1. Name the residue from B:TRP113, B:ALA21, B:PRO92 whose Cα lies farthest towards the positive end of the charge dipole of chain B, charges +1 on Cβ of Lys and Arg and -1 on Cβ of Asp and Glu.
2. May I ask you to list the residues of region A:193-210 whose amide nitrogen lies under 15 Å from a point 7 Å from Cα along the Cα→beta-carbon direction of B:ASP117?
3. Between A:SER160, A:SER58, A:SER230, which gets the highest mean-square fluctuation from a Gaussian network model of chain A, Cα cutoff 10 Å?
4. Determine the shielding of peptide B:78-87 by partner chains: average, over its residues, the number of Cβ atoms on other chains within 10 angstrom of each Cβ.
5. Can you pull the accessible area of B:ASP16 for me, 1.4 Å probe, Å² to the nearest 10?
6. Full extension from A:ASN123 to A:MET28: what is 0.36 nm times the residue separation minus their Cα-Cα distance, to one decimal in nm?
7. In what sequence, largest accessible area first, do A:GLU43, A:GLU274, A:GLU204, A:GLU237 appear using a 1.4 Å probe?
8. Suppose R0 equals 56 Å. What FRET efficiency, 1/(1 + (r/R0)^6) with r the Cβ-Cβ distance, do A:GLU176 and B:ARG104 give to the nearest 0.05?
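The values are calculated or read from the model by the stated rules, or taken from the named source; none is laboratory data. What you see is a predicted model, and the numbers here were worked out from it, not measured in a lab. All Cβ positions, glycine included, derive from the backbone under ideal geometry; neighbour counts span all protein chains shown. Just the protein is used for accessible areas: all its heavy atoms, side chains included, with ligands, DNA and RNA removed. Shrake-Rupley method; radii C 1.70, N 1.55, O 1.52, S 1.80 Å.
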Amino acid sequence: MARLVATLASTHHPFYFKATTSAPEHQMPQAPEWKRKVEAYRETLASTAPDILVMIGSDHFHQIFLDNYPQFLIGKAARYDATFYNEEREFGIPKYAFEGDEDMSRFLHQSLLAQDFDFAFSNELKIDHSIVCPIITLRPQNDLPIVPIYTNIFAPPLPSPRRFFDLRRAIRKAIEDYPSDKRIAAIGTGHLSLELGGPRQFMETGPDPAFDQQAIEWLRTGDIEAILASVTHQSLECSGNATHGFLNFVLMLGVAGPVGADYVDYLDLFHTMEAYFTWHPKEAAQ
Amino acid sequence: MSKYYVNKFLFTVDRDTHLLARYIESPRSFVSAWEQSIGPKLLGNDVEASSAHAFTDEERRALVDHDFVSLFEMGAHFFLNLTIFIGIYDEPYAQKYGPLAFQREFAQKLRHWRGKDYPSIAT
């Protein structure tokens, strides 16, 4: 059976690529530190020598729109194009093409359905920056096949925090039941406190630094009980109108255990707190 | 009122460089053209019509005026409402006033919403 060799969760900051590849005289002062932190985070994946990446993100109205919006969706294709015109325009992110693993997608989809998670699927999915960003930060050589999974953190009504957490068991079981000797890494991205298109956007910090610190501590210690007791759609909204991306962290913490993270790092930037977490399953060390 | 239709406008225009250029150049005639030939089509299907939605006068005015404050207050989706106007105003503002000047002005114009429940974006 396949082995889950690492679970990773981070924010996906679309300006990382531009911030660290533009001419040094145009870079923000934190760019070298940001790059160092991302490269250290990258090593926590590389050291596990994965064969396939299960990538969990959320489309930001690029392919998926309100005429037909799934709560959870899995990509099932041999190839995925990535980066939309308006992401190139706004963030300067390059176009990519990712190799898919259709066989694993098919298996995961069947397994998730069998575990009562009725995923939508797409045989022609163009990937947006929620998955492109972690490829840039974690696997810039783009040499591994992916299985993309999208969650709805964006178009209310959303699944509950509890439902995100419950999904973790199904995803983990689906990965570990996959009849293969492949080494799998599960990589998810979301947000800490974040405001977009509202009065608290683009401040010197994220809109709710106290939430950011609390969220990092919850993930560091793996305290899912505290998260589920504290976090609601309403509380996330109070921390910033796009803070619902934290639900993907709840999912990834669940996939990893829930247990305390083996690697934690963060960086306070204007507009948002960046955060990076890695969990290495005990079995992987054997 | 059709939050969905306002969002459909923002979604279809922001993702298409040619439509965005027309919306920048001539907002009034472009909004009319969109209502005639783009809005009434099913997304991803050039053949089939959809008669489910229409703009109110106030929605049409807000789109013609690039009035992102009114659109926010009507419950347009925050991401669509931000990205399309970044696409239009980020560069000219940045050249004149420095990086992120438009994004900060956007926030400033919505400052009366700080500490309050924002208008619902649910559709």
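1. Checking the options against the dipole of chain B, the answer is B:TRP113.
2. It comes to no residues whatsoever.
3. Per the Cα network of chain A with a 10 Å cutoff, A:SER230 tops the list.
4. Details: counts 8, 8, 6, 3, 8, 8, 2, 1, 4, 4.
Neighbouring Cβ atoms belonging to other protein chains average 5 per residue here.
5. Accessible area, nearest 10 Å²: 50 Å².
6. 30.2 nm
7. The most accessible residue leads, giving A:GLU204, A:GLU43, A:GLU237, A:GLU274.
8. E(calc), rounded to 0.05, equals 0.75.
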